[in-house]
Amino acid sequence: MRALIWNGVNNLRVETVPDPEIVQPHDAVVRVTMSSVCGSDLHLLGGYIPAMKPGDIIGHEFMGEVVDTGREVTKVRRGDRVIVISIIGCGQCEHCRRTDFSCCDNTNLKPLMAEAIWGHSPAGIIGYSHALGGWAGSHANFIRVPFADVNVFKVPEEIPDEKALFVSDACPTGFMGADLASIQPGDIVAVWGCGGVGQMAMQSARILGAERVFAIDRLPERLRMAAERCGAEPLNYEEVDIAEALTELTGGRGPDRCIDCVGMEAHGTGLTYLYDLAKQQALLTERIVALREAILCCRKGGTVSVMGVYGAFVDKFPMGAVVNKALTIRSGQQHGQRYVERLFGHIARGEMDPSHLLTHPLPLEQGPHGYDLFKNKKEGCLRAVFTP
Ligand SMILES: [Zn+2]
Ligand SMILES: [Zn+2]
């Protein structure tokens, strides 16, 4: 089959590789029909996540058709149109039983590096380096998915592919960002980052009863989508001082709930940004411009929910603000399996609609070009989606 291969830092190519097959009785093999780029892939491309090996297939947000199942699989069958949650649960460990699927004990088969960095290993992630399981990714004709009964979900007939696809990752990640923020009806919510996850967090905040949602970014086309598709009020940080604007717009209080959908490769302005950038190049910190700002802007007693990806350590973390403003900080990789059925319902009723994220449908053979458009935000690219 053909697959998009990581070949070194900022070096991708499409190659012919062996087809995957059923290895464990709980596996399924899925023929991929659509596979999206994701912001977290950029950390792999840039070399910020260790333990990539030349030849690794990347990609983790996808849908397709089940073509084969192991003998223990009962929930999905050959021919089913499905999405697959990008973070793999086993369904049986104590974390999966608590529905904290991204904390699964059993799906990172190579946990030593994660344990060394983080104390414990999280779940394995599809197409996301040997530090997180070494599972082959989805930018390929076929993919093997373990624990299919836990991670593979049949798509309801009324939901078209271009909406279903994003229930694999962007929708549940954004929804979890809003869920962890403990949004109450009437709350004012600010979301840093207007990529796919940020926009889904904005739609989710609306679903959970937010009265006003502010969208923070620097790209006009993304801010426009946030306004038109997500009912958010756009704030461009290259044009306004975000802290001042949010203070003014909330009568001096600050937003009740702040959601970071940016992560460690934030762009920014000012001295602390340059400090982060210089130290990140020496692998000493990650850029936390957005998170710092979210913490400083959040109202006293509010909640900061962190869905952006961070890999290791950050500098100048404003712990004083967290303590003295009595903030709650919550975070996590998505527990998508917990939210899938609910999200299908929101999508079927038109309350959530991710279809506009798909700006650049491309054949898989143009994978490297798709990542170039996405990474460098060319042609208004929000998501390149490959069809193998
Ligand atoms: Zn992702
Ligand atoms: Zn588990």
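Okay, here's what the table says:
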| item | result |
| --- | --- |
| Unmet requirement for residue 55, which otherwise passes all of (1) within 16 Å of ligand 2 (Cβ to nearest atom); (2) touching a strand residue (DSSP E or B) at 6+ places or on another chain (Cβ under 9 Å); (3) over 18 Å from residue 152 (Cα atoms) | (1) |
| Top-ranked residue in region 91-146 [being over 24 Å from residue 383 (Cα atoms) and in contact with a His (Cβ under 7 Å, 6 or more places away or on another chain); ranked as farthest from ligand 2 (Cβ to nearest atom)] | 110 |
| Failed criterion for residue 334 (all others in (1) buried (at least 20 other Cβ atoms within 10 Å of the Cβ); (2) assigned to a helix (DSSP H, G or I) hold) | (2) |
| Residue 348 exposed (fewer than 15 other Cβ atoms within 10 Å of the Cβ) and hydrophobic (A, V, I, L, M, F, W, C) | yes |
| Matching entry among 341, 379 (being assigned to a helix (DSSP H, G or I), out of contact with any Lys or Arg (no Cβ under 7 Å at 6 or more places or on another chain) and farther than 29 Å from residue 101 by Cβ) | 379 |
| Spans of strands (runs of 3 or more DSSP E) in region 144-239 with at least 2 residues over 17 Å from the mean Cα position of the chain (by Cα) and either under 30 Å from residue 27 (Cβ atoms) or within 16 Å of ligand 1 (Cβ to nearest atom) (or both) | 152-154 |
| Residue in region 153-168 that is within 16 Å of residue 337 (Cβ to Cβ), in contact (Cβ under 8 Å) with a residue 40 or more places away in the chain and in contact with a Leu (Cβ under 7 Å, 6 or more places away or on another chain) present | yes |
| Residue that is touching a His at 6+ places or on another chain (Cβ under 9 Å), crowded, with 16+ Cβ neighbours inside 10 Å and not in a strand (DSSP E or B), where the choices are 309, 385 | 309 |
| Residue check for residue 174: among the small types (Gly, Ala, Ser), at positive phi and surrounded by 24 or more Cβ atoms within 10 Å (Cβ to Cβ) | no |
| Tally, over region 113-138, of residues that are in contact with a helix residue (DSSP H, G or I) (Cβ under 8 Å, 6 or more places away or on another chain), in a loop (DSSP other than H, G, I, E, B) and more than 16 Å from ligand 1 (Cβ to nearest atom) | 2 |
| Residue check, residue 86 touching a residue at least 12 places away in the same chain (Cβ under 8 Å) and away from ligand 2 (no atom under 13 Å from the Cβ) | yes |
| Residues satisfying the stated conditions in region 288-315, i.e. of a type in the set (Val, Ile, Thr) and either touching a Leu at 6+ places or on another chain (Cβ under 6 Å) or touching a residue at least 40 places away in the same chain (Cβ under 8 Å) (or both) | 303, 304, 306, 309, 314 |
| Residue that is farthest from residue 153 (Cα to Cα) [pool: residues in region 68-106 that are among the polar types (S, T, N, Q) and within 16 Å of ligand 1 (Cβ to nearest atom)] | 102 |
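None of the figures in this text is laboratory data; all of them are computed from the coordinates on show. Computed from a prediction, not measured in an experiment: that's the story for all the values here. Heads up, the Cβs are rebuilt from the backbone with ideal geometry, glycines too, and the neighbour counts pull from every protein chain shown.
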